[in-house]
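Okay, structure first, notes after.
The values are calculated or read from the model by the stated rules, or taken from the named source; none is laboratory data. None of these values were measured; they are calculated from a predicted model. For neighbour counting, all protein chains shown are included, and Cβ atoms are generated from backbone atoms with ideal geometry for every residue, glycine included. The area values use the complete protein model at the heavy-atom level, side chains included, leaving out ligands, DNA and RNA. Shrake-Rupley method; radii C 1.70, N 1.55, O 1.52, S 1.80 Å.
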Amino acid sequence: MKLIYEKSQEGRRASSLPPRSLPVPEIPDDLRREHPPRLPEISEPELVRHFTSLSTRTFGVDTGFYPLGSCTMKHNPRVNERVVNFPGFRDLHPLQEEEGAQGALELMWRLQEILAEVAGLPAVSLQPAAGSQGELTGLMLMRAYFAERGEAETRRKIVIPDTAHGTNPASVTMAGYEVTPVQTDPRGNIDVDDLRTKVDEHTAGLMLTNPSTLGLFDENIEEIARIFHGAGALMYYDGANLNAVCGISRPGDMGFDIVHFNLHKTFSQPHGGGGPGGGPIAVRDRLEPYLPVPAVVRDGERFRYDYDRPKTIGKVRGFAGPFGVFVRSYAYIRSYGPHLREMSEVAVLNANYLLAQLKDAYELPFDRLCMHEFVLSVRTLKRQHGITALDVAKRLMDYDFHPPTVYFPLNVPEALMIEPTETEAKETLDEFVQAMLEIARDASERPDELKEAPHHRPVGRVDEVKAAKRAVVRYLFEDHPDLSADPSGARQLEAQKGA
Ligand SMILES: Cc1ncc(COP(=O)(O)O)c(C=O)c1O
């Protein structure tokens, strides 16, 4: 397919503007561009065809199964979009005075109450814009808490398991703490013996997702909480995997003191293209004074922002947070009503249904029931036939499935991390199983076909190393002569008008 620049024809336009009726302002020469911008010149039908055909070449949860482990790519109910487009929500200005925004404030307050109940912790801030920002905010709360106790300088370490998502160590470093890694034991839990040697009076806390990125619930979580609290440290729950336990078990009851939610995962939100996300945090009451401002509070029948929090860490995001995300998440939660736990129950059921059918054809590093996702290894196929996790992932695209997460977590070689979510039908799961089993068979019978996959996608196998090291993410104008340098100057004039 040609780039839009390659379709450009001098003087062609997608719109015609009315003649100017206002005087043209005088722009000083030194502020003028030397050349008009090189914009594609194209007619409206060609423009529509170009972008429509591009849109059919991409893949999303609306076009097919998207079992991208840890990302919770579930269906986004259309009712959420209808609700978020109510003019009272859509057209609200963030600086609207409180009297004119009571409905929006009430929605945020109600969402806070629900999240507090789900977390099992009493106080919530909706502000952080994503899970990773929730992590950073939570660590800033820890710092503020220990600073007030005179322990900010002694407590420097945060313990993180070797299965952790990359944002965890990144947030720890960004917050000025040091990472202390802890190993995973043969059942896929945190290795408690290793942990005991790592937790002391210099430890500020633990950062853990439970279930872990292996899709396994840590069987020793209460013991782990005792170890940390016994040492005066705090427990942080990375809620990216909350889809496994929502309404069933609560991080606060497990012993966690701070929790972040990934609203865009657990409570549905179009994501995967970079946003928008939502990463609210919930905390135990002793951490509440440090939460970001403003808090959304209720006074009788009225709702308002509360800035009067002398110990707050301040603001972590503009205005009150990603409001459209709040509306969609609230709508999603309310559609389940008191049956919210069904969401997680079906997510766990779907994952175990897949696991049971795939574990013999692939290697299962930790042979246990999984939660909402599970991790397989392609190590045996690699040893026997030279087929890698990447080959399996690419071949799945030929079956119209988005590949699972690959090569993560790092402690599983040739990892495939599969998360079906609760919104997939049994027939879809069955088709996915068939594809995975066929691929495992083809590994021995037709290995070359796998190594060259995908065969039926708009883009074939790319050189990933070259793509990473020499990424070309813009049109290389220098490779294409600029015709606006045409001595007649005619083209330049056209382009200026269009611009
Ligand atoms: C386990 C885990 N923790 C944290 C994050 C970070 O969340 P976000 O992408 O919302 O910043 C992710 C995201 O994929 C994750 O999978």
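The HN-Hα couplings worked out from phi for the range 297-303 by the Karplus form 6.51 cos²θ - 1.76 cosθ + 1.60 (θ = phi - 60°) are 10, 10, 10, x, 8, 10, 10 Hz, whole numbers, x standing for Gly and Pro. Packing order of peptides 442-448, 219-225, highest average first: 219-225, 442-448 (average count of other Cβ atoms within 10 Å over each peptide's residues).
Taking amide H as placed 1.01 Å from N in the peptide plane, the amide H of His75 sits under 5 Å from that of Thr423, each at least 5 places away or on another chain. Available extension along the chain between Glu97 and His456 is 123.8 nm, counting 0.36 nm per residue and deducting the alpha carbon span.
In the context of the full set of protein chains, residues of the chain present 49 Å² of accessible surface per residue (probe radius 1.4 Å, heavy atoms only). Label separation (Ala356 vs Glu10): 6.9 nm, computed from points 7 Å beyond Cα along the C-beta direction.
Annotation: amide H of Asp218 within the under-5 Å range of Ser212, sequence separation 5 or more or interchain, hydrogens built in the peptide plane.
Hey, what did the range 245-319 get for relative contact order, percent, Cα under 8 Å, at least 6 apart? The partial results should precede the final answer.
Details: 77 pairs, mean separation 16.4, N = 75.
So the answer I get is 22 percent.
For Thr180, the residues whose modelled amide H falls within less than 5 Å of its own, excluding neighbours fewer than 5 places apart on the same chain, are Ile158, Val159, Ile160. Coupling constants for the range 386-397 follow from the phi torsions by the Karplus curve (6.51 cos²θ - 1.76 cosθ + 1.60, θ = phi - 60°), and in residue order they are x, 8, 9, 4, 5, 4, 5, 4, 5, 5, 4, 5 Hz; glycine and proline get x. The modelled label-to-label distance for the pair Thr380/Ala468, using points 7 Å beyond Cα in the direction of Cβ, is 2.8 nm.
Compute the signed sum of charges (Lys and Arg +1, Asp and Glu -1) over the other residues within less than 12 Å, Cβ to Cβ, of Ala331. Don't skip to the answer; put the middle values down first.
Working: positive: Arg78, Arg82, Arg110, Arg328, Arg334; negative: Glu81.
That works out to +4.
Can you give the local net charge around Arg196? Use residues other than it whose beta-carbon is closer than 12 angstrom to its beta-carbon, Lys and Arg +1, Asp and Glu -1. Let's see the in-between values first.
Details: positive: Lys198, Arg226; negative: Asp191, Asp193, Asp194, Asp200, Glu223.
My count for the surroundings of Arg196 gives -3.
Ligands, DNA and RNA left out, the 1.4 Å accessible surface of the chain is 54% carbon and sulfur atoms. Modelled this way, with points 7 Å down the Cα-to-C-beta line, the labels at Tyr475 and Arg368 are 5.4 nm from one another.
Per the helix-only calculation at 222 nm, which mean residue ellipticity applies to the chain, given -39500 (n - 2.57) for every DSSP H run of n ≥ 4 and division by its residues, nearest 500 deg cm²/dmol? All intermediate terms of the calculation are to be shown ahead of the outcome.
Working: 19 runs with 184 residues, N = 499.
Roughly -10500 deg cm²/dmol at 222 nm, from the helical runs in the chain.
The length gained by stretching the chain between Arg32 and Arg298 to full extension, at 0.36 nm per residue less their Cα-Cα distance, is 90.4 nm. Tell me, how many Å apart are the Cα centres for the range 262-321 and for the range 39-91? When both Cα centres are located, 27 Å separates them.
Rg and Dmax of the range 204-361, based on Cα coordinates, read 17.7, 60 Å.
Looking at the range 297-395, which chymotrypsin sites (Phe, Trp or Tyr not before Pro) are in a loop (DSSP not H, G, I, E or B) and have at most 13 other Cβ atoms within 10 Å? Before the final figure, lay out each step's value.
Numbers: sites: Phe303, Tyr305, Tyr307, Phe319, Phe323, Phe326, Tyr330, Tyr332, Tyr336, Tyr353, Tyr362, Phe366, Phe374; in loops: Tyr307, Phe319, Tyr362, Phe366.
Filter output for the range 297-395: Tyr307, Phe319.
The residues neighbouring Asp430, those whose beta-carbon lies less than 13 Å from its own, together hold a net charge of -3 under the Lys/Arg +1, Asp/Glu -1 convention. Under 12 Å from a label point 7 Å along Cα→Cβ of Val179: give me every residue in the range 399-431 with its amide N that close. Output list for this probe position: 410.
Take 47-57, 416-426, 130-140, 76-86 and order them by the average number of nearby Cβ atoms within 10 Å per residue, most first; the result is 130-140, 416-426, 76-86, 47-57. Normalised by residue number, the volume inside the convex hull of the Cα atoms of the range 101-200 is 138 Å³ per residue. Figure note: Cys71, Cys246 ranked by solvent-accessible area, largest first, 1.4 Å probe, ligands and nucleic acids not counted: Cys71, Cys246. Applying the Karplus relation 6.51 cos²θ - 1.76 cosθ + 1.60 with θ = phi - 60° to the range 331-343 yields 3J(HN,Hα) values of 4, 4, 5, 5, 5, 7, x, x, 9, 4, 5, 4, 4 Hz, where x marks Gly and Pro.
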